[in-house]
Amino acid sequence: MMRKLRWTMEGQSFWDLDVSTPRTLDGSASPVPTDLQLLPLGLSRGVRLSRAKQIDFMQQFMAAPFVPSYTPSHGFSLQRVFSIPFSDSGSATLLGQFNVQKFVSSLKKSGFGEMGQSISSLLQGIGRHLRDRSLYAFGISSDILLTPDDALLISFDGYGDSDILRTKAVLHHKFLHHDLTMEALSPGLFVDKSGKYWDVPSSLVIDLGSADTDSGLSYHLSMHHNAGSPSRSGSEQTCMAPFCLLPGLSAKAAFALKKNLEIWRSNAKKLKRVQPYDIFLSNPRVSLSGIIGAVATSYFGDISAGSAAEGSLQEFKGLYVQASRIRSTVFADVFASISFSAQYGMFQRNFLDLTRFSGRFDFHSGSKFLSGAMLLIEDLSNSQHPRTESVKATLPNARFSFQQQIAGPVSFRADSGVAIDLSKEGWGSLQVEEPTFALEYALYALGSAKAIAWYSPKQREFMVELRFYEN
């Protein structure tokens, strides 16, 4: 299951979201749709606050001169932003990153602090190490509001320990009932379901989606073009890249029908003259949500050849058409998702006034589910032990989230996937997949905003983020 460091119920949407990661100054990576039944619609969300804007806000309003992050490839680093407003509709930012862990390691290797060293020699040693360009990374970005409905983001990220210069341009246009997003990356950073990162030399995505609604019909149309051979990011190991990252063009269309059902809502009155720490978390309730839809994806070029080469077609149960003359492949299938959420407390009092539990069950391929269910019924009717592949096909991907207020605006949150290990005897055992732990600080003066410090044990990544209007 694709790792998503956005929480299970945020956005209330089935579309794939970008993954948060401290591996880049931009702070995000796109998911790789390696499974044919997944929805590769990474741009199906509104414009998020850029990483530079997040850090600038924390510096100005949260007394945070530096924002920390950690990743195994770079170690512990500190970030700071310098903002340069140039007009009422735009601003530029300079984001600087200093690798503290690498700096301390270089001092230890050089024998810094040994007995007998004078103060002047110590200062000279520090200055010599500070001139090491590999300790630094810099990013320049500009947010421009072209019109009330058009926003443009341009960024350039450079790293002292690498020759890679990451560039990004994102244009977002709001129609009356649709959102249009065009994103160009060079190189683009992608992460697959096993947690491996990939660099694609050039990537262009155009996405048109209906505006988010609580219930009803929504749809997305997108085109994705890759150029150049993908490679493992920050690794010399050679392995086969996911076919979706190979050079070529893909076009996608997805439609979904969503229905929300509120089972229970508290009638208790809120405390007078006490503002909730988060207005979106001030109503105790139990609710259900269901989504059913269909997705069709067409691949052209090397992507089409790679899809067949990976042997994915033997497992794919949906509609599949391949035209060898024009090197194209079309996949189509249905999907469904069921989610629930339960909350106790109004998040007004100082202690233990918020307890939330939510979960989601995703059926990425309706055709696989039906074929697996038929095989399962056949095995049971013949008094045979159910085949492992049929049981796997009927099991959904499951994710759960738990949040508990600790004191005041501070709460603890845990998010994880859960899977059944069918390799063991019987019905197997439960396995925890991709757990993420976080401390959240609600900025209740803004209505619904929070600073989040999260840690992923599997990826060994730590990051501090700022988010607005997300449940």
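The values are calculated or read from the model by the stated rules, or taken from the named source; none is laboratory data. Predicted model, so just to flag it, every value in this text is computed and none were measured. Virtual Cβ from ideal backbone geometry, glycine too; neighbours counted across all protein chains shown. Note: areas computed on protein heavy atoms with side chains; ligands, DNA, RNA excluded. Shrake-Rupley method; radii C 1.70, N 1.55, O 1.52, S 1.80 Å.
How large, in percent, is the carbon and sulfur part of the accessible surface of the range 240-296 at a probe radius of 1.4 Å? Before the final figure, lay out the partial values.
On the way: 2110 of 3250 Å².
About 65 percent, which is the carbon plus sulfur part of the accessible surface.
Would you mind counting up the charge near ARG128? Only other residues with Cβ under 15 Å from its Cβ, with Lys and Arg at +1 and Asp and Glu at -1.
Details: positive: LYS102, LYS108, LYS109, ARG131, ARG133; negative: ASP132.
Charge balance in the 15 Å sphere: +4.
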Fill in the blank from the handout: Checked against a 32 Å limit on the C-alpha separation, the offending pairs among LYS252/LYS392; LYS196/LYS450; LYS392/LYS458; LYS193/LYS270; LYS53/LYS108 are LYS193/LYS270; LYS53/LYS108
Exercise for the section: List, in order, the whole-Hz ³J(HN,Hα) value for each residue of the range 328-337 obtained from phi through the Karplus relation with A = 6.51, B = -1.76, C = 1.60 and θ = phi - 60°; use x for Gly and Pro. Expected result: 9, 9, 10, 10, 8, 6, 10, 8, 7, 8
Exercise for the section: Quick one: pull the percent of accessible area on the range 363-471 belonging to carbon and sulfur, 1.4 Å probe, ligands and nucleic acids left out. Expected result: 64
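Taking 0.36 nm per intervening residue step and subtracting the Cα-Cα distance, what contour gain separates GLU262 from VAL286 on full extension?
On the way: separation 24, 0.36 × 24 = 8.64 nm, distance 0.63 nm.
Roughly 8.0 nm would be gained on extension.
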Completion exercise
Full extension between ASN350 and ARG80 adds, at 0.36 nm per residue less the Cα distance, a length in nm of 94.0 nm
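Rounded to the nearest 0.05, what FRET efficiency do SER89 and LEU430 give with R0 = 51 Å and r taken as the Cβ-Cβ distance? Could you check?
Using R0 = 51 Å, I get an efficiency of 0.45.
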Handout entry: Heavy-atom accessible area ranking, 1.4 Å probe, most first, across LYS258, LYS196
Key = LYS196, LYS258
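Could you report the range 234-299's accessible area per residue, 1.4 Å probe, as an integer in Å²? Provide the component values of the computation, followed by the final result.
Working: 3910 Å² over 66 residues.
With the other protein chains kept in place, the range 234-299 gives 59 Å² per residue.
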Fill in the blank from the handout: Residue-normalised value, i.e. accessible area per residue, for the range 345-447 at 1.4 Å probe, in Å², stands at 52
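How high is the relative contact order of the range 383-447? Use alpha-carbon pairs under 8 Å, at least six apart in sequence, and give a whole percent.
On the way: 89 pairs, mean separation 17.8, N = 65.
Answer for the range 383-447 is 27 percent.
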Practice task
Extending each Cα 7 Å along its Cβ direction at ILE140 and ALA253, get the distance between those two points in nm, one decimal.
Solution key: 4.3
Exercise for the section: Would you mind calculating the gained length between ASP379 and ASP132 on full extension (0.36 nm times residue separation, minus the Cα-Cα distance), in nm to one decimal? Expected result: 82.4 nm
Practice task
May I ask you to derive the FRET efficiency for ALA169 and PHE357 from their Cβ-Cβ distance with R0 = 45 Å, giving the value to the nearest 0.05?
Solution key: 0.65
Exercise for the section: Report the paramagnetic label zone for ALA407: residues of the range 332-360 whose backbone N is under 19 Å from a point 7 Å from Cα along the Cα-to-Cβ axis. Expected result: 347-355
Problem - Hz values of 3J(HN,Hα) by residue in the range 356-361 - Karplus curve (6.51, -1.76, 1.60), Gly and Pro given as x - result: 10, 9, 9, x, 8, 10
Practice task
Could you go through the range 201-209 in sequence order and give the Karplus-derived ³J(HN,Hα) for each residue, using 6.51 cos²θ - 1.76 cosθ + 1.60 with θ = phi - 60°, rounded to whole Hz, and x for Gly and Pro?
Solution key: x, 8, 9, 10, 10, 10, 9, 10, x
